[in-house]
Structures are given as structure tokens and as C-alpha cells.
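I have placed the structure first, in the form of C-alpha cells, so that the comments after it can refer back to it.
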Amino acid sequence: MRTGKREPGPESKTIPTAISVTMILDAHQHFWHYQPQRDTWISDDMQVLRRDFLPDDLLPLLKASGIDGCIAVQADSSLEETHFLLGLAAQYPWIAGVVGWVDLRANDLEAQLEALASFEKLLGFRHIVQAEPDPAFLLRPDVIGGISLLGRQGYSFDLLVFPHQLPAVLDLVGLLPDQRFVLDHAAKPYLRSGHFRGWEANIRALAESPNVSVKVSGLVTEADWQHWTYEQCLPVLEVLAEAFGHNRLLYGSDWPVCLLAGEYGRVKGLADQWTQSWSPEDKAAFRGENAARVYRIGRKF
């Protein structure tokens with residue numbers, strides 16, 4: 001069984017006392033050594049991403065934006081990716097944690113998790129569900145069983161889905177009420193077209209499940225990369241705040257993918273503009289406290 005700082009249970013667990021309440025976190029970013037044969041998702045119109053992106057590239061951006069640390073999220077579906085990110089987290093103390101990958105359907109999933117149990121910075125896992133052709137992928141019995149096992153071992157699960165996959169997400173979170181879920185990129189609303197009705201209905205329904213939080217991240221890359229504006233993103237942001245409240249919203253940059261639509265500072269500026277009228281307590285929650293609680297980051301870094 002998994003031991004250490006995390007225990008199975010609902011998202012409502014309080015922030016560990018080791019966490020600084022003033023900590024500011026980027027709860028979603030990536031690192032990689034670019035490999036063309038592996039990283040085929042980086043298409044010809046994404047040339048800016050066709051290079052290595054490593055901690056020494058990100059740190060100056062975090063410092064310039066007044067951010068204390070980050071959570072590194074998998075971009076490749078392999079155990080090698082998980083160990084790569086964990087190696088970086090061990091080397092750079094300001095990487096607060098890792099959301100890795102593991103095969104949810106593997107017969108030896110429990111053994112794989114046991115082998116990873118000693119890594120304190122391994123916070124949770126993610127599967128790139130948006131790439132699955134089956135819209136009900138998340139409802140396959142072996143997938144549900146795998147996610148359930150993650151929860152019993154104390155791990156969160158990040159949901160990377162498109163809007164049309166939200167009905168399956170709704171069913172999944174209802175089946176696993178004690179599993180902590182984090183919805184990445186707000187399920188990628190259709191900012192280019194502005195067609196939000198179906199997305200909004202499902203988001204509001206999903207927010208009724210207290211075991212789900214949402215990352216305010218990746219929105220600019222769902223808009224027109226060259227011409228997006230704050231006003232274009234505002235309807236989506238308002239839905240998220242109304243539906244989830246201030247205690248289940250997490251700031252994330254989605255760096256370096258965000259570079260398709262803007263530099264780090266501009267993406268951070270979008271979040272700052274949105275929250276400028278919030279109370280200091282709500283700002284602190286969004287900027288780091290919620291991520292520390294949801295991911296159960298258990299020690300100062």
C-alpha cells in the first residue's frame with residue numbers, strides 16, 4: 001500500500017501545515033526534449049514548439065511573473081516520461097510536483113504504482129483522453145478500475161478532454177465520488193467559434209460534483225492564436241467562476257504550449273486581469289492554495 005503524505009479520501013482535505021499560504025504556483029506546464037518521431041502532435045503550424053523546453057528555460061519566466069513554483073504535467077504517454085519529470089523535480093526544488101502517466105488498463109497497475117510510491121513529488125496521473133476515438137473511453141470498466149486504484153493509492157487524476165467528451169466525464173466522476181479529479185484547460189471550450197452552450201451546460205453540471213476542480217489554463221490556444229483578446233475569453237472565465245467558485249479554480253500557464261498564442265507574461269496577464277477585483281483571499285486561493293490542497297503538496301520547497 002502507498003504510504004507517506006497522501007491518503008485516500010475526498011478533495012476537501014485541508015492544506016498540510018508545511019504549505020506556505022502565500023505560495024504562488026503554476027499548476028500546469030510541461031518539459032520535454034523534442035523528439036520528432038515521438039512528438040507527432042506538434043504539427044507544422046506549431047514550429048515554435050519544435051525544440052527542447054527545460055527547467056532553465058522556465059525559471060526566468062516564473063521569476064518575472066512572481067511565481068514560486070510549478071507542477072510539471074506529462075506530455076508523452078510513457079513511464080519514461082513519468083521518470084523524466086520526476087528526475088527534473090528531484091533536481092529543481094521549485095518543481096513542486098509531477099502529474100505523470102501510467103497505463104490505467106495494465107494488469108500490473110498496482111505493482112507499477114508500488115514501484116513509484118517512494119516518489120514524494122508524484123502527485124497524480126493523466127491520460128490524454130482527448131486523443132481517444134471512443135467518446136466513452138473513460139467509462140470502460142478497465143479504465144474506471146484503473147482510476148479507482150489511483151484514488152485508493154492517494155493520487156489525483158487529471159482529465160484532458162474535449163467538450164464532446166464531457167458527458168462521459170460526468171458519468172465517471174459520479175461513479176468515483178472519492179477520487180480527486182482536475183479538469184485540464186476547462187475542457188477546451190470552443191473559443192474560436194464562440195459556441196459555448198453545450199460546453200457550459202456540461203461544465204455547470206460537472207461543477208456540482210465537489211471532487212472536481214478545474215484548471216484555468218490553455219484557453220488562449222483554443223482561441224485564434226494571433227488575435228485573441230481578454231474580452232473573447234471572459235465569457236468562459238465567468239462561467240468557470242460562477243460554476244466552481246473560487247476554491248476549485250487553479251491557475252496554469254500551459255507553457256510552453258501557450259507560446260502558440262502568446263508569451264508567458266501575456267498569458268499570466270490574462271489571469272491577473274480577470275482576478276484584479278477579487279479579494280486577497282480569493283486571489284491567494286486561485287494562485288496557489290487551491291493547487292496545494294487539491295494535489296496535496298505536502299512539504300515546503
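Rounded to the nearest 20 Debye, what is the dipole magnitude of the range 118-201 about its Cα centre when Lys and Arg each give +1 and Asp and Glu each give -1 at the C-beta? If you can, show how the numbers build up before the last one.
Details: 8 positive and 9 negative charges, 37 e Å.
Roughly 180 debye, rounded to the nearest 20.
Which percent, to the nearest 5, of DSSP beta bridges fully inside the range 16-104 are antiparallel? Show your work: numbers first, answer last.
Values: 1 of 8 bridges.
Counting only bridges with both partners in the range 16-104, antiparallel ones make up about 10 percent.
Got a number for carbon plus sulfur as a percent of the chain's accessible area, 1.4 Å probe?
53
Using the Cα centre as the reference, give the magnitude of the dipole from point charges on the C-beta atoms of the range 159-301 (Lys, Arg: +1; Asp, Glu: -1; all else neutral), rounded to the nearest 20 debye.
Numbers: 15 positive and 16 negative charges, 96 e Å.
It comes to approximately 460 debye.
Towards the positive end of the charge dipole of the chain, with charges on Cβ (+1 Lys, Arg; -1 Asp, Glu), say which of 138, 156, 267 has the farthest Cα.
156
Rounded to whole Å and sorted largest first, list the principal axis extents of the Cα atoms in the range 99-234.
Per principal axis, max minus min of the Cα coordinates gives 47, 28, 27 Å.
Which of 215/268; 63/268; 188/215; 121/188 have a Cα-Cα distance over 22 Å? Display every interim value, and only then the final one.
Details: 215/268 13 Å; 63/268 12 Å; 188/215 11 Å; 121/188 27 Å.
As for pairs spanning more than 22 Å Cα to Cα, those are 121/188.
Would you please state which residues of the range 179-199 a label at residue 117 would reach in this model, taking the label point 7 Å out along Cα→Cβ and a backbone N cut-off of under 18 Å?
none
Roughly how many Å² is the accessible area per residue of the chain, as a whole number, for a 1.4 Å probe? Could the numbers behind the result be given before it?
Details: 12360 Å² over 301 residues.
Ligands and nucleic acids excluded, the result is 41 Å² per residue.
Just need the relative contact order of the range 98-208 here, percent rounded to a whole number, with Cα pairs under 8 Å and 6+ apart. Before the final figure, lay out each step's value.
Working: 137 pairs, mean separation 27.2, N = 111.
Worked out over the range 98-208, it gives 25 percent.
May I ask you to list the aspartates and glutamates whose Cα is less than 17 Å away from that of residue 283, ignoring any residue fewer than eight positions away on the same chain?
26, 68, 238, 242, 272
Looking at the chain, what % of the alpha carbon pairs are farther apart than 33 Å?
Cα-Cα pairs of the chain separated by over 33 Å account for 16 percent.
Separation between the residue 41 and residue 56 pseudo-spin-labels, each 7 Å from Cα along Cα→Cβ, expressed in nm?
2.7
Roughly what % of DSSP beta bridges within the range 109-206 run antiparallel, to the nearest 5? Mind showing how you got there, number by number?
Working: 1 of 8 bridges.
Beta bridges within the range 109-206, antiparallel portion: roughly 10 percent.
Please find the FRET efficiency linking residue 190 to residue 273, where r is the Cβ-Cβ separation and R0 is fixed at 22 Å, and quote it to the nearest 0.05.
Details: r = 22 Å, r/R0 = 0.99.
FRET efficiency, residue 190 to residue 273: 0.50.
Using a basic spin-label model with each label point 7 Å from the Cα along Cα→Cβ, how many nm lie between residue 64 and residue 229?
For residue 64 paired with residue 229, the spin-label model returns 2.5 nm.
Looking only at the chain, where both bridge partners belong to it, what percent of the DSSP beta bridges are antiparallel (to the nearest 5)?
On the way: 2 of 26 bridges.
So the antiparallel bridges in the chain amount to around 10 percent.
Could you order peptides 180-186, 98-104, 266-272 by the average number of other Cβ atoms within 10 Å of their residues, highest first?
Working: 180-186: 25.6, 98-104: 22.6, 266-272: 18.9.
Ranking the peptides 180-186, 98-104, 266-272 by packing returns 180-186, 98-104, 266-272.
The values are calculated or read from the model by the stated rules, or taken from the named source; none is laboratory data. As the structure is a prediction and not an experimental result, all values here were calculated from the model. We place every Cβ from the backbone using ideal geometry, glycine too, and count neighbours over all the protein chains shown. Areas reflect the complete protein model, heavy atoms only, side chains present, ligands, DNA and RNA absent. Shrake-Rupley method; radii C 1.70, N 1.55, O 1.52, S 1.80 Å.
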